[in-house]
1. Name the pairs: first residue in region 309-334 and within 24 Å of Glu237 (Cα to Cα), second residue of a type in the set (Asp, Glu) and modelled with pLDDT of 90 or more, Cβ to Cβ under 8 Å, at least 6 apart or on different chains?
2. Among the residues of region 38-53, write down those that are part of a strand (DSSP E or B) and either within 14 Å of Thr98 (Cβ to Cβ) or not assigned by TED's automatic domain parsing to the domain that holds Trp121 (or both).
3. If I filter region 198-213 down to residues being in a loop (DSSP other than H, G, I, E, B) and hydrophobic (A, V, I, L, M, F, W, C), which single residue comes out as surrounded by the most Cβ atoms within 10 Å (Cβ to Cβ)?
4. Collect the residues in region 165-186 that are buried (at least 20 other Cβ atoms within 10 Å of the Cβ) and under 20 Å from Trp121 (Cα atoms), keeping them in residue-number order.
5. So which residues in region 179-197 are out of contact with any Asp or Glu (no Cβ under 9 Å at 6 or more places or on another chain), without any contact (Cβ under 8 Å) to a residue 40 or more places away in the chain and in a helix (DSSP H, G or I), if there are any at all?
6. Go through region 336-355 and count every residue that is under 22 Å from Arg324 (Cα atoms) and in contact (Cβ under 8 Å) with a residue 60 or more places away in the chain.
7. Name the residue that is nearest to Gly13 (Cα to Cα), counting only residues in region 100-123 that are of a type outside the set (Val, Ile, Thr), modelled with pLDDT under 90 and surrounded by fewer than 21 Cβ atoms within 10 Å (Cβ to Cβ).
Amino acid sequence: MVSAGSIPVFGIGDLYPVKTGGQKATYHLFGALNQLRPCRYVFLEPGATGIDEGTYPNGLRYQRIGGRAAKSWRNALIAPKLLYGDGPTRNLLRTARTRSIVDALAAFAVASPTVIFATPWIWPVLAPRIPATQQVVYDSHNFELQLLRERLAAGTLDARSLQAMCEAERSLSRRADVLLACSPIDAEAYVTEFGVDPKRLHLGFKGASVPAQPMLREAVEPPVATFVGSDWPANNEAALAVATRIAPRLPQVRFRLIGSCCLRLPKQLPPNVEALGFVDDLEAQLRRTTVALNPITSGSGINMKLLEYLTLGIPVVSTVFGARGLPPEAMAALEIATIDDFPAAIEGLLQSPERLQQQGREGHGYARRHLDWPLLGARLSALLAG
């Protein structure tokens, strides 16, 4: 049912259960905004049929629109596999030519003076239905063109798909009245690559659920250094660096790698490295973590896991690039090092229990002041009100 009082937040795929950083950011930010302004997450589920609705545990209502009809033989001819090797690109183009699906999405867009896009890939479908007077918000999770170029270089994306997806991101970015960028690096890219007006760019809307006190962690021996990451090139590169460049130089430390990034690791690992893969209880693993690692050197957006470490009061060693998007106040709560200097930085922290405790307190304090989702929801509500 279309509600004229709700702000639609358009996305692709369900938000719950929350697993990825992108899901977490969308679920919590608009769950917080929903407490002040009614919102509804309207998402396309490419493999499903029909339409249904419900409410997430945080109170955010959702509307699922099945996109399976877009896989018809007629649309397959319009966007053939041989011309578009990338699945999301094919689905996007086929959906754009499936009137029943576009009409279902557009019904939510026209019912509100404000529309929010949590992904650029639905924008081309709805752009012709959005009048110039309607407020458009783009909640960016990455500067997508950067990631697309990396995929093109790696041979996992064809040039024709890159062109179509780049145009989707460019068009939405230039039309958006409010663009929520993850970092100054991303914001600069929107200006230089797409010509976005800097006045429309806003930072600081990625956060975390901040507990009243830092996490109570167990004292473990030997000390444990943990990296968590999904199967994504930047994470895979970081996990490999931990296993092959950092861990061998610190045999007295136990290194734990968690998440689907472990799928890309070599079979033979140093004896002090555990590749746990997916774990049912990540919080339990973090309780047994002495120091968290963020050796990210490529990619885009912001590292949501880093925000979570700060929130929980876990000391962190990070690269400068891995901490992109954080202001100097937050950087002061981190141990910053190059990959080559990670072993020395980790060892220095482990030899100073006072510094470990101080860093944890500073990180949690920063999170309480700046990262809590209700704070960000209130900021976004004020921004939309002008």
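The values are calculated or read from the model by the stated rules, or taken from the named source; none is laboratory data. No experiment lies behind these values; they were computed from the predicted model shown. Methodologically, a virtual Cβ is constructed for each residue, glycine included, from the backbone with ideal geometry; neighbour enumeration extends over all protein chains shown.
1. Going by the 8 Å Cβ cut-off, the qualifying pairs are Pro315/Glu335; Val316/Glu335; Val317/Glu335; Ser318/Glu335; Gly325/Asp186.
2. Going residue by residue through region 38-53, those that are part of a strand (DSSP E or B) are 39-45, 51-53.
Within region 38-53, Leu44, Glu45, Ile51 qualify.
3. Val210
4. Start the filter on region 165-186 by keeping residues that are buried (at least 20 other Cβ atoms within 10 Å of the Cβ), which leaves 165, 168-169, 172-173, 176, 179-183, 186.
Hits for region 165-186 are Met165, Ala168, Glu169, Leu172, Ser173, Ala176, Leu179, Leu180, Ala181, Cys182, Asp186.
5. Ala187, Glu188, Thr192
6. Keep residues of region 336-355 that are under 22 Å from Arg324 (Cα atoms), which gives 336-346, 349.
In the following step, the residues that additionally are in contact (Cβ under 8 Å) with a residue 60 or more places away in the chain were identified as 339-340, 342-343, 346.
Summing the residues that are under 22 Å from Arg324 (Cα atoms) and in contact (Cβ under 8 Å) with a residue 60 or more places away in the chain in region 336-355 gives 5.
7. So the residue we want is Ser100.
Listed here are the residues, each with its yes/no results for (1) surrounded by 14 or more Cβ atoms within 10 Å (Cβ to Cβ); (2) part of a loop (DSSP other than H, G, I, E, B); (3) not assigned by TED's automatic domain parsing to the domain that holds Ser183.
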position	(1), (2), (3)
Met215	yes, yes, yes
Ala219	no, yes, yes
Glu237	yes, no, yes
Val242	yes, no, yes
Ala247	yes, no, yes
Gln252	no, yes, yes
Leu263	no, no, yes
